[in-house]
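One structure is given below, encoded as structure tokens.
The values are calculated or read from the model by the stated rules, or taken from the named source; none is laboratory data. Given the structure is predicted, the values throughout are model-derived calculations rather than measurements. Cβ placement follows ideal geometry from the backbone for every residue including glycine, while neighbour counts extend to all protein chains displayed. Ligands, DNA and RNA are stripped out before the accessible areas are found, and what is left, the full protein with its side chains, is counted by its heavy atoms. Shrake-Rupley method; radii C 1.70, N 1.55, O 1.52, S 1.80 Å.
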Amino acid sequence: MKNIFTILTLSITVSLVAQTHQITKHNGIKMEVNFIKTANNLVYYTTLESKEEKSISQFAISQLLEKSKTEAKTISEKIALSGKADYKKVIVLKPSQTEGLQESGIITSFLGKTKGETNQSFLDEAEKRLKQNAALKGSPFIVIVSDKPKNLKAVMYTY
């Protein structure tokens with residue numbers, strides 16, 4: 001009976017330790033989780049208290065530490081912007097990919113469409129303009145809300 005109890009206790013303990021990970025966010029917050037997978041710029045996990053599947057943007061996470069092996073995996077590098085010239089570092093996200101990032105404001109701009117300009121070249125220039133404005137304000141992530149010629153609008157996100 002003692003052997004069965006010992007084996008049962010050991011198997012439960014090993015399975016709990018094997019799945020435990022620690023997520024370290026870029027803002028310094030650490031979370032104890034059970035890692036599931038990464039897909040579409042999101043990291044899926046469950047908390048130790050609940051088995052409900054949750055997700056967080058991979059851009060909000062610095063490292064994922066597997067406690068059983070003490071092996072740390074870098075998920076994303078922190079993006080540092082020094083001004084408008086760093087607009088190429090700004091990342092355009094979908095609204096679903098902002099989980100775990102903080103909204104830092106809204107930027108707007110005006111961009112006239114010239115005669116003969118293709119829709120794609122206009123959209124590229126509009127994205128560039130919004131990225132430049134976000135870099136100027138120090139926000140490494142944006143979600144484009146409106147790409148109309150007279151009303152360019154994006155929501156800025158930061159760590």
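Each part gets one Cα centre, and for the stretch 122-159 versus the stretch 73-100 those centres are 12 Å apart. Along its three principal directions, the equivalent ellipsoid of the stretch 93-159 from the Cα gyration tensor extends over semi-axes of 23, 11, 9 Å, largest first. As a fraction of the 1.4 Å probe accessible area of the chain, surface on carbon and sulfur atoms comes out at 53 percent.
Straight-line cross-link partners of residue 73 among the aspartates and glutamates, defined as a Cα under 16 Å from its Cα and at least 8 positions apart when in the same chain: 32.
The calculated 222 nm mean residue ellipticity attributable to helices in the chain amounts to -8000 deg cm²/dmol, summing -39500 (n - 2.57) over DSSP H runs of n ≥ 4 and dividing by all residues.
In order along the stretch 132-143, the Karplus-derived 3J(HN,Hα) couplings, from 6.51 cos²θ - 1.76 cosθ + 1.60 at θ = phi - 60°, round to 4, 5, 5, 5, 4, 8, x, 9, x, 9, 9, 10 Hz, and Gly and Pro are given as x. For residue 42, nonlocal amide neighbours, meaning residues 5 or more places apart or on other chains whose placed amide H falls under 5 Å from its own, are 58. Here the 3J(HN,Hα) profile of the stretch 92-100, calculated from phi with Karplus coefficients 6.51, -1.76 and 1.60 at θ = phi - 60°, is 8, 10, 8, x, 6, 9, 9, 4, x Hz, Gly and Pro shown as x. Toward the positive end of the charge dipole of the chain, with +1 on the Cβ of Lys and Arg and -1 on the Cβ of Asp and Glu, the farthest Cα among 139, 112, 158 is that of 112. Using θ = phi - 60° in the Karplus curve 6.51 cos²θ - 1.76 cosθ + 1.60, the 3J(HN,Hα) couplings for the stretch 59-75 round to 6, 7, 9, 8, 9, 10, 9, 8, 5, 5, 10, 6, 10, 9, 10, 6, 8 Hz; x is entered for Gly and Pro.
Distances between placed amide hydrogens fall under 5 Å for residue 145 paired with 153, 154, 155, all partners being 5 or more residues away or on another chain. Only Cα pairs under 8 Å and 6+ residues apart enter the sum, and on that basis the relative contact order of the chain stands at 20 percent.
Would you kindly give the portion of the calculated P(r) for the chain that falls above 23 Å, as a percent of all Cα pairs? Counting every Cα pair in the chain, those more than 23 Å apart make up 51 percent. Surface listing: 147, 86 arranged by accessible area from highest to lowest gives 147, 86, probe 1.4 Å.
On a per residue basis, the chain carries 63 Å² of accessible surface, using protein heavy atoms and a 1.4 Å probe. Mean-square fluctuations from a GNM of the chain, with a 10 angstrom spring cutoff on Cα atoms, peak among 27, 41, 119 at 119. Database remark: amide H of residue 75 closer than 5 angstrom to the amide H of 63, 64 (H placed geometrically; neighbours at sequence offset of 5 or more, or on other chains; Pro and chain starts carry no H). At 4 °C and a viscosity of 1.567 mPa s, what translational diffusion coefficient does Stokes-Einstein give for the stretch 56-129, taking Rh as the Kirkwood radius over Cα pairs? Give it in µm²/s as a whole number. Translational diffusion coefficient: 83 µm²/s.
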